[in-house]
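Presented below is the structure to which this report refers.
Every read-out reported here was derived from the displayed coordinates using simple, explicitly stated rules and does not represent laboratory data. As the structure is a prediction and not an experimental result, all values here were calculated from the model. Please note: Cβ atoms are built from the backbone with ideal geometry, for glycine as well, and neighbour counts cover all protein chains shown.
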Amino acid sequence: MLIRRAPIFRSSEITDERLYLNRRAFIAGAAALGGALALGAPHDAGAEAPLAELKAARNPKFAQPDPPTRYEAATTYNNFYEFGVNKEDPARMAGSLKPRPWAVQVEGHVGKPRTFDIDELIKLAPLEERVYALRCVEAWSMVIPWIGFPLAALLKRVEPTGQAKFVEFTTLLDPEQFPAQKKGLFSFSSLEWPYVEGLRLDEAMHPLTLLTVGMYGKVLPNQNGAPVRVVVPWKYGFKSAKSIVRIRLVSEQPKTAWEKAAPQEYGFYSNVNPAVSHPRWSQATERRITEGRISEFRRRDTLPFNGYADQVASLYSGMDLKKYY
Ligand code: MTE
């Protein structure tokens, strides 16, 4: 992604990732041999406490030909800028986030605005497991068994009015829980807090858009957006806001955190599109981080809408997706 004074994402980062995962493998190997290696140990052990199980039946309609990404890779190599700008920061730093108690305000142009306690929210609709691929704007992707229910189930509950055209998602603002929100600490980050993302109402109501509370049979780890996030599988990963405290139905297109930071790089729609390059790198291919040896992560062609074109392309009929990137 980006920063104003120096790039967060460097073109070398894809090889950095390989080195990084190799280093993790090295650490794991050393630990298995009984080595007491402190290098790379989590900053805050809280982030690695055992997570509660969350069982949900797998919905066979949402499967992937590739095997899932290893849990370790999905939870230790990711983006959550509230914890820092490096891929290993979320797992190291996320112990400060407290996912309970937690409330989500659902408001704006709705007939029945409501604040849901997270434990109440989780029970609003039957949970299901869906294996989605999530394509990061940085040209890598992961295959993850998410647990949640369609966001539409929540939105219908609050009864959007005719004025509701967009949905805005806001992440928690709390510098005590999110160290990078402390002024000056990560002054090189150009993101404005809180992290804000948005969808058009029809995108938010689409059955693929998942209000997500778990992954891999467990509640969400802090670094993956506990206790609740969205997953929008046909869009670049940054559209899937984590640790959400407010969902607001609005009439105007929300100004998102990444659009504010660099509108020429991160558009509102951000549908995965191999034909539209990021200004600093191509989106034509990606490395899919699945299972097995790092050296086996081959480059593959990126698919329009991340492979979900049959389900979602009609949402954009008549739109120039080069203009509305
Ligand atoms: N949400 C918040 N609040 N802060 C972030 O930095 N990063 C985004 C998205 N949601 C981010 C966020 C990006 S860039 C990606 S790729 C996905 O989360 C990563 O989700 P994952 O870590 O579960 O793979």
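Computed quantities for the displayed model
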{"quantity": "Euclidean distance of C-alpha centroids, the stretch 52-130 and the stretch 241-258, integer Å", "calculated": "16"}
{"quantity": "Spacing of the two label points (7 Å from each Cα toward its C-beta) at GLU53 and LYS182, in nm", "calculated": "3.8"}
{"quantity": "Label-point separation, ASP119 to ALA63 (7 Å along Cα→Cβ), nm", "calculated": "3.7"}
{"quantity": "Cut-off under 5 Å, modelled amide H: who pairs with TYR132 long-range", "calculated": "ILE144, TRP146"}
{"quantity": "Spherically averaged projected area in nm², based on the convex hull that wraps the Cα atoms of the stretch 123-263", "calculated": "8.8"}
{"quantity": "Length released on extending from LYS112 to ALA313, taking residue separation times 0.36 nm less the Cα-Cα span", "calculated": "69.3 nm"}
{"quantity": "Added length on full extension, which subtracts the Cα-Cα distance from 0.36 nm per residue, ARG280 to ARG157", "calculated": "40.1 nm"}
{"quantity": "Per-pair calculated FRET efficiency, R0 = 35 Å: LEU321 and ASN86 via Cβ, rounded to 0.05", "calculated": "0.65"}
{"quantity": "Candidate lysines - alpha carbon under 16 Å from LYS123, same-chain residues fewer than 8 apart omitted", "calculated": "LYS55, LYS156, LYS218"}
{"quantity": "Reachable aspartates and glutamates from LYS260, criterion Cα separation under 15 angstrom, eight or more residues apart if same chain", "calculated": "GLU168, GLU192, GLU197"}
